[in-house]
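The structure appears right after this line, and notes come after that.
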Amino acid sequence: MSTTTTSPTTTAPTPARPRVEVPPIPATRLVAVELRKMFDTRAGAWLLASIGLTAALASAAVVLWAPDEAITFSTFGTALGVPMTVVLPIIAILSVTSEWSQRSGLTTFTLAPRRGRVLLAKGVGVAIVGVLGTLVAFGVGALGNLLGAAVAGVDPVWDLSLAEFLRILLAMNLSVAVGFMLGLVFRSSAAAIVGYFVYSFVLPTLSGLLAAFQEWFRDLQPWVDFNLAATRLYDVSPTGEQWSQLGVTALIWLVVPLAVGTVLTLRSEVK
Amino acid sequence: MPARVAAHDAGPMITIESLSKSYGRFTAVDHVSFTAESGRVTGFLGPNGAGKSTTLRILTGLTPPSSGTALVDGVRFADLPNPGREVGVLLDASAQHAGRTGREILTVAAATMGLPRVQVDAMLERVGLSEDESCRRVRNYSLGMRQRLGIATALIGDPRVLVLDEPANGLDPAGIRWMRDLLRGYADQGGTVLLSSHLLHEIEVIADDLVVIGNGRIVAQGTKAELLAGAGTVVRARDRDGLTAALAAAGVEHTVTPDGAVLVQGEAAHVGELAQRAGVPLTELRSADSAGLEEMFLELTATSQREGAAA
């Protein structure tokens with residue numbers, strides 16, 4: 001049986017459509033698309049709403065249960081931090097993992113095959129969400145502070161300096177970055193979310209136990225416990241040494257795995 | 001960036017050259033080479049697991065090849081500045097976020113390509129998804145609706161090349177007819193279509209060129225006319241032994257099929273002359289059409305599936 005291509009068929013060849021010069025996809029467009037994809041599903045919309053909802057719940061709890069002298073803006077700030085460090089990282093995780101868990105990456109990475117650019121756009125997108133989400137949460141907290149002061153019949157206390165606020169903003173975005181990193185490392189929603197809870201709840205407990213019972217670990221702990229170093233950001237004013245500890249632990253627990261996860265994702269097969 | 005060869009000057013639109021992909025010791029794609037020309041529909045045919053999807057994923061930059069190259073219009077897919085505007089791709093209609101609406105998926109794709117929003121409505125209408133259907137979430141879509149949405153995503157950038165993996169899956173007969181007409185029209189306007197299928201008849205009615213793959217290797221390729229011409233002649237006679245003796249005497253290769261017909265590797269006219277000279281009256285004499293291709297395809301399927309004997 002003849003199975004090789006020989007001559008063209010008798011039909012006149014149709015002229016190929018001429019190539020139209022297409023400009024490359026700008027990075028800003030990729031960021032806008034990735035932001036849109038974070039919130040255009042029902043789950044995404046609920047996560048977005050939950051930024052405001054959990055902030056309102058945390059503020060309400062402070063208004064209801066905190067003693068009058070504790071009705072200050074920084075109390076609200078501390079209360080808000082807890083739900084934000086859960087909701088914001090989950091948005092970051094799903095932004096990455098849904099491409100694999102929901103397999104939408106097949107479309108995403110054929111429309112924008114330079115994956116590094118897509119990952120960068122996602123990273124910028126979750127950072128924007130981290131900053132805006134924190135701002136919204138603190139806006140809700142400010143309303144709570146006014147309301148709480150009115151209920152308690154005291155003057156509202158605005159005891160959060162800009163520097164303190166910026167440090168909290170940094171802490172929030174570090175947890176967002178951890179979520180993003182875990183998304184890249186696992187590329188599976190369930191695994192990355194479990195990973196995040198291990199990171200923020202299991203590891204700190206183990207580290208605390210180890211420090212409590214093992215002499216040799218006690219001095220080492222501040223230099224290896226990322227969570228401990230990050231909580232210093234909520235302190236009144238971290239020392240230079242504490243900043244160094246934050247840098248060292250972030251390098252170990254965030255930067256290195258982020259690099260590994262990025263390389264894995266760039267090389268992986270999208271199925 | 002590599003120099004781009006203008007398509008209308010020369011050369012096929014899609015060039016796959018000695019492409020291989022191994023997973024450990026398993027070779028999914030083994031030195032595959034073929035081309036797809038503009039103005040033609042190229043059918044990529046093979047049984048399930050033959051390496052079709054892997055080849056198409058390598059072509060579209062989703063899977064890194066172990067060796068070899070896959071180029072679209074002379075460049076790697078990943079080097080296209082805005083690939084959605086040049087190559088429409090549908091690899092798996094079900095690979096979409098189940099929680100997005102069909103309209104939203106198309107809107108996101110259009111936004112990535114930098115297209116105006118109005119094209120989304122026009123495209124939804126073109127692929128036959130109603131306003132109501134487009135606002136449903138994809139988890140509630142039938143496979144046929146997902147295929148239509150996938151086709152819409154592939155077409156919306158008005159590309160010159162279409163790469164479609166099993167696009168007819170899940171479509172009803174009217175949908176298959178619609179798809180066939182759409183692809184035919186697309187190729188007639190100078191577009192390049194590369195589509196895969198594991199169904200011979202589906203490919204046969206639409207493709208101009210065929211590339212047949214089995215166990216990761218190309219086993220046949222050429223224009224449809226060539227491949228069908230190579231299929232030989234079906235001939236029947238009451239005196240079958242006389243017929244086969246005449247064929248054997250003339251040195252013509254032939255086989256007896258289970259239903260008693262003789263499949264001859266030769267032109268019908270030649271077979272007729274031989275029979276007349278031998279004085280054997282024929283009861284049937286016709287070109288085998290796809291019979292030979294089908295037999296080859298069945299053999300392929302048999303060797304690539306464990307229940308080979310049944311096939």
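The values are calculated or read from the model by the stated rules, or taken from the named source; none is laboratory data. This one's a predicted model, so the numbers in the text were calculated from it and none came from an experiment. Positions of Cβ are backbone-derived with ideal geometry, glycine not excepted, and every protein chain shown enters the neighbour counts. Note: accessible area is taken over every heavy atom of the protein model, side chains too, but ligands, DNA and RNA are not part of it. Shrake-Rupley method; radii C 1.70, N 1.55, O 1.52, S 1.80 Å.
Return the residues of segment B:90-100 that are more than 7 Å from chain A (Cβ to nearest Cβ) and crowded, with 21+ Cβ neighbours inside 10 Å; say none if nothing qualifies. Across segment B:90-100, the qualifying residues are B:Leu90, B:Ala93.
Scanning segment B:256-281 for residues that are open to solvent by 60 Å² or more (accessible area, probe 1.4 Å) and within 10 Å of B:Arg236 (Cβ to Cβ) yields a total of 1. Of all positions in segment B:203-225, none carries a residue that is open to solvent by less than 50 Å² (accessible area, probe 1.4 Å) and over 25 Å from B:Val72 (Cα atoms).
From the list B:Ser130, B:Ser134, the lone residue that is modelled with pLDDT of 95 or more, more than 26 Å from A:Val22 (Cβ to Cβ), among the small types (Gly, Ala, Ser) and surrounded by 13 or more Cβ atoms within 10 Å (Cβ to Cβ) is B:Ser134. Here the condition is being farther than 22 Å from A:Leu166 by Cβ, surrounded by 15 or more Cβ atoms within 10 Å (Cβ to Cβ) and more than 14 Å from chain B (Cβ to nearest Cβ); of A:Ser268, A:Ser200, A:Ser188, it holds for A:Ser188 alone.
Residues are listed down the side, and each one gets a yes or a no for (1) more than 7 Å from every other protein chain (Cβ to nearest Cβ); (2) at pLDDT 95 or above; (3) more than 23 Å from B:Arg217 (Cα to Cα):
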| residue | (1), (2), (3) |
| --- | --- |
| B:Thr60 | no, yes, no |
| B:Val72 | yes, yes, no |
| B:Asn82 | no, yes, yes |
| B:Gly88 | yes, yes, yes |
| B:Ile105 | yes, yes, yes |
| B:Gly114 | no, yes, yes |
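Of all residues in segment B:236-251, none that is closer than 10 Å to B:Leu274 by Cβ has its Cβ atom under 8 Å from the Cβ atom of a residue that is of a type in the set (Phe, Trp, Tyr), 6 or more apart or on another chain. Listed by position, the helices (runs of 4 or more DSSP H) contained in segment A:10-124 that have at least 2 residues being more than 8 Å from every other protein chain (Cβ to nearest Cβ) and open to solvent by 30 Å² or more (accessible area, probe 1.4 Å) are A:27-39, A:42-65, A:73-101.
Annotation: of all residues in segment B:53-63 being in contact with a helix residue (DSSP H, G or I) (Cβ under 7 Å, 6 or more places away or on another chain) and not small (Gly, Ala, Ser), the one that is farthest from B:Pro167 (Cα to Cα) is B:Thr63. Being small (Gly, Ala, Ser), within 7 Å of chain A (Cβ to nearest Cβ) and in contact with a helix residue (DSSP H, G or I) (Cβ under 7 Å, 6 or more places away or on another chain) is not true of B:Gly43. Taking segment B:43-56 as the range and being part of a helix (DSSP H, G or I) and polar (S, T, N, Q) as the test, the residues that pass are B:Ser53, B:Thr54, B:Thr55.
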